[in-house]
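Throughout, read-outs are computed from the coordinates displayed, never taken from laboratory work. All figures in this text were calculated on a predicted structure; none of them were measured in a lab. With ideal geometry, Cβ positions are generated from the backbone for all residues, glycine too; neighbour counts draw on all protein chains shown.
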Amino acid sequence: MDARLCIEDLTAGYLGAAVLAGVSLAVGAGEVVGLIGPNGAGKSTLMRTISRTLPAQAGAVRLDGRPLNEWAPRDLARELAVMATQELPQAVNLSVRDYVGLGRTPHQDWFGASSAADLAATETAIRQVDLLALADRPFMAISAGERQRAQLARALAQSPKLLLLDEPTAHLDIGHQQTLLGLLRQIAGQGVTVLIAIHDLNLAAAACDRLILLHDGHVLAEGTPAEVLTQERLARAYGHPWMIRRHPMTGRPFVFPADVAPPSTGAPLIHLVGGGGALAGLAGGLQALGYRLQAGVLHTGDSDVQLVQDLGIPCLVAPSFAPVDAVWQAALRDWLAHADAVIVADVPFGPGNIGNLQVLRQTTGIPLLGVSALSWTERDFADGAVATLGAGLPNSLTPTPDTLLRNLTPTAPGTWPIPRTV
């Protein structure tokens with residue numbers, strides 16, 4: 001990769017104190033690279049150092065192979081643009097169009113006259129951020145999100161080779177967030193290098209070719225979103241457990257917090273029967289209330305298997321498409337012997353998993369609850385066998401996981417808040 005931006009062993013900070021230490025990275029032409037990390041990791045410090053608003057304490061920053069401190073300010077402004085995070089003082093009396101036009105200053109002569117090319121670049125930038133209808137409005141009279149888009153347009157009007165953006169989506173609604181990210185991809189396709197500091201990990205994963213994870217002033221990880229966004233690295237950087245899934249449309253990582261709490265000592269053990277994502281919301285909610293959980297029989301490749309594994313819940317997992325036969329039924333009986341209650345989630349039953357119901361029908365003395373708005377007949381994909389088995393199960397039905405969880409309370413050792421006669 002031919003690096004447009006190259007940083008070598010950089011140390012930078014404030015008042016002699018280093019915020020970044022030993023940072024090295026390279027970004028090529030046409031790349032969209034995201035800087036991620038917790039507050040105080042050094043993202044903004046790195047951006048300020050690259051933009052030359054903060055001098056480096058040690059190390060080197062090169063743009064197109066040339067040390068940053070060798071660039072004349074006017075020449076640097078033609079190569080590098082920064083999406084401003086604060087309004088310029090002179091913006092108070094400017095229209096949106098005039099504000100965006102400030103981006104053309106490095107390309108104008110000493111008299112500041114706007115050429116036809118300057119005017120065209122300004123109009124193009126305004127159109128790109130969808131502000132044409134507001135172009136003649138006073139800059140300070142538009143909303144914070146609209147001003148943020150105008151700030152991006154000003155940077156685009158500069159026609160840079162390297163574009164720096166620090167939290168560009170902070171004030172944008174989700175529609176304009178997607179528009180902005182699509183625009184950045186389009187700009188990168190024209191050969192512009194885009195470096196973006198961003199807190200939203202899912203937006204970063206969706207928009208960026210590579211991610212650089214900063215932690216305590218160092219590069220903790222660098223690579224594709226899938227390489228960087230792992231549970232271990234995110235837990236180390238952010239001090240919180242995370243779950244990672246693949247986005248169903250893009251295949252890119254999708255990150256969300258996992259509030260995994262250890263079960264209460266002596267809490268009731270609930271066995272969960274699920275499948276096909278039916279345990280989503282239910283397993284985590286029960287775990288948050290302090291219950292001990294186990295699950296099964298599920299099948300390899302089922303999304304509920306990934307869920308319970310992420311939550312640290314023991315699970316019986318049969319091979320994909322294998323029936324819950326006598327072997328798995330025996331294992332399930334052994335597990336149920338230690339359970340204080342069973343909850344059957346809103347899952348359909350057919351030849352592959354009906355064995356779970358057969359075992360439950362033969363099990364006595366354990367409270368059984370069902371979470372479904374559908375009858376057994378409506379969930380029967382085994383030619384009537386499910387309806388027959390379900391009719392013989394003593395159970396208490398609740399329509400949704402939320403309904404069940406609202407009726408439960410945090411556990412005390414040895415207690416089960418739902419009557420044992422159900």
Next on the checklist: For region 373-391: of the residues being touching an Asp or Glu at 6+ places or on another chain (Cβ under 9 Å) and surrounded by fewer than 18 Cβ atoms within 10 Å (Cβ to Cβ), which is farthest from Gln362 (Cα to Cα)?
Outcome noted: Ala373
Next on the checklist: Quick check on Ala60: is it in contact with an Asp or Glu (Cβ under 6 Å, 6 or more places away or on another chain), of a type outside the set (S, T, N, Q) and either assigned to a loop (DSSP other than H, G, I, E, B) or exposed (fewer than 15 other Cβ atoms within 10 Å of the Cβ) (or both)?
Outcome noted: yes
Checklist entry - Hey, any hits in region 137-155 for a residue that's more than 34 Å from the chain's Cα centre (by Cα) and surrounded by 15 or more Cβ atoms within 10 Å (Cβ to Cβ)? => result yes
Next on the checklist: Please determine whether any residue of region 310-317 is more than 30 Å from Asn39 (Cβ to Cβ) and β-branched (Val, Ile, Thr).
Outcome noted: yes
Checklist entry - How many residues does region 192-240 hold that are among the charged types (D, E, K, R), assigned to a strand (DSSP E or B) and farther than 19 Å from Arg252 by Cβ? => result 0
Next on the checklist: So the check is Cβ under 6 Å with 6+ separation or different chains; which pairs have a first residue in region 1-26 that's within 25 Å of Thr224 (Cα to Cα) and a second one that's outside any loop (DSSP other than H, G, I, E, B) and of a type in the set (Asp, Glu)?
Outcome noted: Gly22/Asp9; Ser24/Glu8; Ser24/Asp9
